[in-house]
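Q: Please read through the structure below; I'll follow up with questions.
The values are calculated or read from the model by the stated rules, or taken from the named source; none is laboratory data. Everything quoted here is computed from the prediction, not taken from an experiment. We place every Cβ from the backbone using ideal geometry, glycine too, and count neighbours over all the protein chains shown.
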Amino acid sequence: MMSIGGEKSFLCALYKDSYFQRVNEIHLRLGLIYNELNNFQQSLKHFKLALIDTLSSLSSISKSEIKFCIAQLYENNNKFIEAVDKYEDLFKQQQQQQQQTDTSSHSQNSSQTTNSNSDLDSSLKSKIYRQLGWLYFYSDQLTKQLSIQNTPIEYLSPFRSEFKSIPLNKQLNLLNLDTNTKLELNKKSLQISLEYLIKSAQLDSQENLTWYYLGRAFTCKLSSREAFISFRNSVNNPNSNSNTWCSIGILYFMQKQYMDSLHAFVCALKADPKHYASWLNLGVLYEKNSQLDECLKCYKHAIKLKLTELNISEFNLINNLEQLSSKLDEMIHPLNEQDKLYKEEFLQLIRRVKLLDQYSDLLSDKILKEKYSKLQSTPSQVVLPKLPEAFNLEIPLDLKEKIFERNKKDECLNTFKLSALLNTRNDLINNKNLTNEQLNLLNALEMNRQNLQPEQLNILNTLKTQFLSDTSKNINFKNLQNLTFNNEHVRLDPSLTNGSNLSINKTNRNSTTSDIDLSDEDILNSKINIKMSSAQLLEQCKSFGLNGIQNQCLLKSNRSRQQIKKAYSNTPDSLVFESSDDESECEEEEDEFLPYNYTDKNLNNKSTNLNPPGPSVLLENKKESYSPNLQYFCLSNPISVVRGLGNVLKLDLSLFSTKTLVETDPEHLVEVRNQKQQPSDENWDPTGRIKTWKCDSYPSYTSLIKYAKYQANHFQEAVKEEKLKISKKFKTIKFGTNIDLSDEKKWFRQIAEMSKLPGFMRFVSSGNMLSHVGYKIYGVNTMQMYLKVPGCRTPGHQENNNFCSLNINVGPGDCEWFGVDEKYWKVIESYCEKNNVDYLNESWWPDLDDLKNSNVPVYRFLQKPGDLVWVNAGCVHWVQAVGWCNNVSWNVGPMVYLQYKSAIERYEWNRLKFYKSIVPMVHLSWNLAKNIKVTDRRLYEYIKFVLMQSLKQTQLAINYIENCGCELKYQARQPDEPAHYCYDCECEVFNILFVSEQPVDPSKKTQEKVQHVVHCQACARKRNHLLDNFVILNQYQLDELKIIYDQFQLYVPSMQNVLNQINNPQQQMNQMPMMMN
C-alpha cells in the first residue's frame, strides 16, 4: 500500500503547481492510493482529473486504461451496474472513433490515419471482456436487470441456499458442493458471461484469471468437459492459485472422482495452507466418504481459520460450539445481505460440526463404526488416505512447479506493453530523438534491469547509448527531470494497472515544464500590495497570465505581513475585543504558502491537566445573557457551555419537541444514521473485539412521523429491558440528523423563537459573517435539528470552514460533549491517518487513551436541557446522547480576525485536499467588503489581501481569455444565486465561469442527457488549453469590483461614538462591533 507520506507529497505538489508537467500522473497515483484506502469518492475524483488532462505529455498508462481503472473502482465498491456501463462505454467510444476514422479516410486520402482508432489494445480489450464476464456471472444487480424469462440452473453448494456475490479482490472460491442444497442462477446472465469470457480468452490466452472465470462459469452450466479444459489452461499458466485447484477439486467431486478431488484440494492447500474454502471442501469430501474423523479435522481447521480472520483468539471455544455460536451472534453485526450470508454459512458449519461430533461419540465403539461405514458406503467406494498421508502423496515434478510458480513473482516487467512501445533495435538506432514513450520505457527498463531478458537488455543498452551520446543535441530537456535511474519506485495496484511502475523525481519538485513561468508570478506578487488602488493593481497585472494562471493562494505569507506592518505602522489598534494574536506563537517553516505549515510552540509544553473542566457560565437573569461579557467568555475558550440560557430568555423549547415537529410537517425528510450503541469513551469495530477510531455510521432516509414512532418505541423497549434487567451489547440504534428548518413559512414559530438570543448567537445578524453569504447554506446559516435516542453519536469533526457553532439541548435527556482546542487538531488528524480513516470525509471517534498519551487536553462535560454549547473557531468536538433528546444547531461567524483567519486557512487546506468548502470564502469576502465597515486593522488587512488576490486572478484570467481569442460574455449574478464550484476539482469559482456541456450522471433520475457545468480556469485549460467548446461568463463587471475594492477601507470610529458605546451598553448589546454602511 502506498504511504500516507506519498499522498501528502502529491497533494502539496498539486497545490503548489496545478500545471506541473506530470500532474496527470500524480492524480493517477492519488487515485490508486485512495482506492487502497477504500476512499471511493476521492479516488474517483483523482482518476477523473487524470482523465481530463490534455496538457501533460507524460503518463504511465493511456486514457483508456484510466477509464478501465474507473470502471474497476466502481466494481470494487459493489456498484456493479455503473461498472458495466463504464466497461461498455470503452467499446462504444472505440466504435465512435472507428467511424470517425472511416469517414475521414473516405474524405481524404491519408496513409497515416491511424493507429488512433483508440488506445484500446487487445490486452486491455481482453481485461474488459473478462471483467464484464465475471460481473454478469456473480452480480445479483445485473441478474435482476435481465429478462425474467429464465430457466433456473441447478448447482450444488454446501451450507448455502442462494447465490452470493463475491468481491473480486478476495477471489475466494466459495461455491462448494453438497447434495442437500441447490443454487439458482439466471440462465441469460450466465450465457452473457460465457460470451464475454470466451472473447477475453481469444484475445489473451495467457491470462490465467480469464481461464479460471471460464472454468467457474462452465461448472455452473454443468459443462464439465469445458470446465476441465478451462481450469487446465489456468493451471498451465504461471500464476495458478489455490482457487483454481479448489475449483478443480469441486469438478472432480461432481464426477465422483474422489481420489482426484482429494489430490486437487491438497494441491490448493500446499499452495496456500490457509485457504478456508479448500479445508471446507476437503471436509465435505471426507464426510461423503464416511470418514468422520478426517472430516471433523478439516471442518474444525476451517473454523479456526475463520476465527483468526475475525480476530478471535479464544480457539478453545471450538470445543464449546454452542458458546461460540452465541458469541458470534453478539459480535457479527451484518450490514448487508452478503455479510448475513457469511454469518449464516459459518454458523451452519458450526452446527454441522456439533452434530458430527455427536455421531463420532456414538460411533466410538469399533463394531458400531464398522456397521455405520458399511451402511454409508457403496461397493465401489475407495477409502481416502488420511490427512497426513494425503499431504505426503507424491506430486509429479511438473505439477509441483505449477503449484509453487506463483511464489516466483515477476518484478513488474509485464507492466509496460513492451510489444507496443518497442521498435526493433535498428529502428531505435536510426531514430535520433527519443520520444516521450521511449524515455518512459528507458526509465522502466533501467529500474528492472535484473529481471530483463537478453532481447530486452539489448534494447536497454541501445536506448541508454543513444541517451548518453546525444544528450546535448537530441534529448528534450523538459523530460529529463522525470528520469531517475534507481530502484526507488512506487508499485501501483496490479489489479488496476497490471503492476506498472514509474519513478517520480524527488529532487526537482520545484521545477516545472509547464507553459506558466512561476517566476513571473513571483515578480507580480512582489509588485503589488493592498495599499495600491484597483487601477494600479490591474495595471500591474495586464502583462501577466497570458499562458494561464494558478488558482490564487489566499494565505498571507510572512513577507506580506511585514509589508503590511510597515505600511500601517501608524494605524491605531482595534477598539474591538478579540482573542490574543496567535501569530507570535507560531514558527513558519520553509514553505510559507502551504496551509497550516507552522508549528505551535505551546504544543511542546506538557499540560499538567489533561482533563480540564468544561468552561461554563450560569446565567441568572436576562441582562446577563445580553452582556458583552458573555460574548467575551465564549470567544475566549475553545468550547464552553452557557447554562440556564433557556430559562432566563424564556425560550419555548416545546416548539422543538418531536410532537410539535410532527404536527407541523409529518412527512418532513429526516436523514438517519444507523449506529451501534456503546459507551461514550469507547469505540469498537463491528466485531466488538478491537478498539478503533473509525466510527460506523451508515446513512438512510425516513420521515419525521416514522422517526417519531421509532423514538417512542425505543423508549418503551428501554423501560421494559430495565425492568427485566436485560442488557444488550452493541444494539443498533438510529440517529435522526440534519433536519432542515430553513423554510420560513413552515417553521416560522421556531425561527422567531430563536430571535430571542443575543445578537452574536443569531443565525441572521449583521454581526454574523455567514449572514452576508447572500444565500442559504443549509445547516450553516440556517437552523437544523437532531433527534436522538441514548447512544446516538455526532462523530468527531471541525465545523465547516472552522466557523463557530452553537447547539441548544431541547431535552428531556442530556448530551455528553468532548472538545479539543484547535491547536491540537493536527495531532488528531495524524491519529486518523494511522487508523486508516479520512479526517475530512469519514466518521471517526477519538480514543481518549491515545489523546492522553499525546498530551492532548480534552474538555468533557454534560449539556442539560436548556443549556447552550458554544463551539469556538476550529475546535474539534464529538457528542453522544445520554438520554432521549432533541438538539437545535447552526453556525455563526463572529466579526473577529481569528475567526476569519481560521476560515481562510481551512478553505486553503480543503483546496489542498480536494475537499469542497461549503462556505465560499472569496464570494463572502467581497460581500463583507460591500456591506460592512471594519474597525479591526488585522481583519481589514486580511480581507483586503483576499480581495487583492481575487481581483488579480480575475484580471489574469481575462488576459488569458483574450490571448486565446475567446469571447467573454457578461451575465449578471441573480439574487440568492449560490456560489459556483468547479465540476472537476470542486474549488470555488468566482466571477469568471468556464461553462461546458457534460453528460448527466445516469444515477440521477432525469430526462436531460446533458448538463451545463462550471469549471475553474485550471481545469478548463487542462480539458482544452485554447478553451474551445467553453462558454465563458463573467458575473461582475470589472468596474463594479474596482469600486468595492477601493471603497473598502479601515474604519476608525470617532471618539464620540466610542464614548456613546461605553455609556450605552444596551445599544452595544444590540449591535455587533461592525457598523453597517
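Q: Please enumerate the residues belonging to region 1014-1047 that are part of a strand (DSSP E or B) and either surrounded by 17 or more Cβ atoms within 10 Å (Cβ to Cβ) or charged (D, E, K, R) (or both).
A: Val1014, His1015, Ile1032, Leu1033, Asn1034
Q: Would you check if there is a residue in region 903-911 being in contact with a helix residue (DSSP H, G or I) (Cβ under 9 Å, 6 or more places away or on another chain) and farther than 26 Å from Gly874 by Cα?
A: no
Q: Of all residues in region 1-43, count the ones that are over 15 Å from Lys913 (Cβ atoms), of a type in the set (A, V, I, L, M) and surrounded by fewer than 20 Cβ atoms within 10 Å (Cβ to Cβ).
A: Residues that pass the stated criteria total 2.
Q: Could we say that Val1000 is within 30 Å of Gln955 (Cα to Cα) and either modelled with pLDDT under 90 or of a type outside the set (S, T, N, Q) (or both) here?
A: When the stated conditions are applied, Val1000 does not pass them.
Q: Separate question: For region 917-940, does any single residue satisfy the condition of being small (Gly, Ala, Ser), under 18 Å from Asn768 (Cα atoms) and assigned to a helix (DSSP H, G or I)?
A: Yes; the residues of region 917-940 include at least one that is small (Gly, Ala, Ser), under 18 Å from Asn768 (Cα atoms) and assigned to a helix (DSSP H, G or I).
Q: Go through (1) under 18 Å from Val922 (Cβ atoms); (2) polar (S, T, N, Q); (3) in contact with a Cys (Cβ under 9 Å, 6 or more places away or on another chain) and name the single condition Asn959 misses.
A: (1)
Q: Please pick out the residue among Ser854, Ser843 that is crowded, with 20+ Cβ neighbours inside 10 Å and of a type in the set (Gly, Ala, Ser).
A: Ser843
Q: What single numbered condition from (1) within 26 Å of the chain's Cα centre (by Cα); (2) under 20 Å from Pro615 (Cβ atoms); (3) among the polar types (S, T, N, Q) fails to hold for Asn807?
A: (1)
Q: Being farther than 24 Å from Pro595 by Cα and either in contact with an Asp or Glu (Cβ under 8 Å, 6 or more places away or on another chain) or in contact (Cβ under 8 Å) with a residue 60 or more places away in the chain (or both), is that true of even one residue in region 898-906?
A: no
Q: Taking region 968-989 on its own, how many of its residues are within 26 Å of the chain's Cα centre (by Cα) and closer than 16 Å to Val773 by Cβ?
A: 6
Q: On to the next question. Taking Phe914 and the conditions (1) outside any helix (DSSP H, G or I); (2) touching a strand residue (DSSP E or B) at 6+ places or on another chain (Cβ under 7 Å); (3) farther than 30 Å from Leu661 by Cα; (4) not aliphatic (A, V, I, L, M), which numbered condition does it fall short on, given that it satisfies the others?
A: That leaves (2) as the condition not met.
Q: Within the set of pairs 6 or more residues apart or between chains, which connect a residue that is in a loop (DSSP other than H, G, I, E, B) inside region 806-834 to a residue that is of a type in the set (S, T, N, Q) with Cβ atoms less than 8 Å apart?
A: From residues that are in a loop (DSSP other than H, G, I, E, B), the pairs are Asp814/Gln863.
Q: Please find, within region 748-802, the residue that is farthest from the chain's Cα centre (by Cα) out of those that are under 24 Å from Thr658 (Cα atoms) and of a type in the set (Phe, Trp, Tyr).
A: The residue in question is Phe748.
Q: Residue check: is Glu977 over 13 Å from Asn551 (Cα atoms) and assigned to a helix (DSSP H, G or I)?
A: The answer is no for Glu977.
Q: Taking the criterion of being assigned by TED's automatic domain parsing to the domain that holds Asn991, acidic (Asp, Glu) and either closer than 21 Å to Leu1033 by Cα or touching a residue at least 12 places away in the same chain (Cβ under 8 Å) (or both), would at least one residue in region 925-937 satisfy it?
A: There is at least one residue in region 925-937 that is assigned by TED's automatic domain parsing to the domain that holds Asn991, acidic (Asp, Glu) and either closer than 21 Å to Leu1033 by Cα or touching a residue at least 12 places away in the same chain (Cβ under 8 Å) (or both).
Q: Restricting to region 229-278, name every residue that is over 36 Å from the mean Cα position of the chain (by Cα) and within 20 Å of Gln348 (Cβ to Cβ).
A: Ile250, Phe253 - these are the residues of region 229-278 that are over 36 Å from the mean Cα position of the chain (by Cα) and within 20 Å of Gln348 (Cβ to Cβ).
Q: Conditions: (1) surrounded by fewer than 20 Cβ atoms within 10 Å (Cβ to Cβ); (2) of a type in the set (D, E, K, R); (3) in contact with a strand residue (DSSP E or B) (Cβ under 9 Å, 6 or more places away or on another chain). Glu833 meets all but one. Number of the miss?
A: Glu833 satisfies every listed condition except (3).
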